[in-house]
Amino acid sequence: MPLSDKVALITGGGSGMGRVAAQSFASKGARVALFDVNTSGMQETSHGNSNIHSYTVDITSTEDVNATVAQVQSDLGDIYRVYNCAAIMPFGNLLEQDTAVIHKLMDINYGGFVNIMKATLPDMVKRGNGDFVSFASMAGIQPALLMGGYNASKAAVAMLTEVVYHENRDSGVRFACVCPPPVATPLLKQGKDTAWPKLMQEQEGSELQPIEVIEEIETSLDKGEFWVFPGKSTRMGYRMRRWLPNYTWNYIHKLEGW
């Protein structure tokens, strides 16, 4: 569906997937609102593009999100598309990882998503149009050693998105839950700097580009498909998790050596 002259809100707009999405949507005539705590990153995203507008906001704060969404509506108009890209991705053995880090994963990846959903989706449903896109991950479908905190946060996003979709599937709003494999964004560095499972090492060099994921989302939205599995093997990974969970775990233990 054309984005020209529509308002798109993108969380995590200071880098990575959010940056590429913002620049892509703005090039198609959308008025883009970026949410991030990374003000300088948003400045880089919006540089030279008057269609991109930056809002420094902590998405873990319900009050800040509500106030800033209201400001976007006042500045730019009704929000038509929501892209929930904001996330962190530190890895680690669960019994060794700092408890505060595990909580922070849930606060940002899941709690921030809840705040954005509650602040934007009711108006979209009331109007009967718009696109609500959440970024889960294949890590939210398939758990792995050293990735438990991140796995849990993305599984929560996937589950909540699935339920809110079914509660509002006849509303006129298009929903998509995106579950990509590793994507070439700065987010991967957080994993590498903390604990890097062999499962992730095995996929190095084959990461998708952000624009590939965005194009797959557009295709799925136009087809009315809720689940978005970019890449060649993600859909099979989803099926393996559902049908052969023990086989998948045995493979992971063998690969990691424990």
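Computed from the coordinates by the stated procedures, all read-outs in this text should not be read as laboratory data. In this text the structure is predicted, and so the values were computed from the model without any measurement. Counting neighbours? That spans all protein chains shown, and the Cβs are built from the backbone with ideal geometry, glycine included.
Just flag the trypsin sites (Lys or Arg not before Pro) in the stretch 154-242 sitting in loop per DSSP whose Cβ has no more than 15 other Cβ atoms within 10 Å.
Those that pass, being in a loop and sparsely packed, are Arg169, Lys232.
So how do 30-37, 117-124, 95-102, 178-185 stack up, highest first, on mean other-Cβ count within 10 Å? Spell out each step's value before the answer.
Values: 30-37: 25.2, 117-124: 18.0, 95-102: 11.6, 178-185: 21.6.
Peptide ranking by packing, descending: 30-37, 178-185, 117-124, 95-102.
Roughly how far apart, in whole Å, are the Cα centres of the stretch 122-169 and the stretch 189-258?
16 Å
So what is the relative contact order for the stretch 172-258, in percent, with contacts set as C-alpha pairs under 8 Å and at least six apart?
RCO, the stretch 172-258: 42 percent.
Quick one, what does Rg over Rh come out to for the chain if you take C-alpha atoms and the Kirkwood Rh?
Details: Rg = 17.8 Å, Rh = 18.5 Å.
Looking at the chain, the ratio lands at 0.96.
Which residue, Ser15, Ser46, Ser27, has the most motion in a Gaussian network model of the chain that connects Cα atoms within less than 10 Å?
So, out of Ser15, Ser46, Ser27, the one fluctuating most is Ser27.
Largest first and in whole Å, give the semi-axes of the stretch 79-172's equivalent ellipsoid, each being the square root of 5 times a Cα gyration tensor eigenvalue.
Equivalent-ellipsoid dimensions as semi-axes: 29, 13, 9 Å.
Between Ile79, Ile116, Ile214, which gets the highest mean-square fluctuation from a Gaussian network model of the chain, Cα cutoff 10 Å?
Ranking Ile79, Ile116, Ile214 by mean-square fluctuation puts Ile214 first.
Using θ = phi - 60° and the Karplus relation 6.51 cos²θ - 1.76 cosθ + 1.60, list the HN-Hα couplings for the stretch 66-76 in order, rounded to whole Hz, with x at every Gly or Pro.
Rounded to whole hertz, the list is 4, 5, 6, 4, 4, 5, 4, 4, 5, 6, 10.
From the residues Pro181, Trp196, Val164, which one has its Cα farthest along the dipole of the stretch 135-258 in the positive direction, the dipole being from +1 and -1 charges on Cβ of Lys/Arg and Asp/Glu about the Cα centre?
Trp196
Just going by the charge dipole of the stretch 7-256, with Lys and Arg at +1 and Asp and Glu at -1 on Cβ, which of Ala155, Val7, Met42 is farthest out on the positive end?
Of the listed residues, the answer is Ala155.
Please identify, among Val164, Val20, Val133, the residue showing maximal mean-square fluctuation in a Gaussian network model of the chain using a 10 angstrom Cα cutoff.
Of Val164, Val20, Val133, the most mobile in the Gaussian network model is Val164.
For the chain, what is the charge dipole size about the Cα centre, in debye to the nearest 20, if Lys and Arg each add +1 at the Cβ and Asp and Glu each add -1 at the Cβ?
For this selection, approximately 600 debye.
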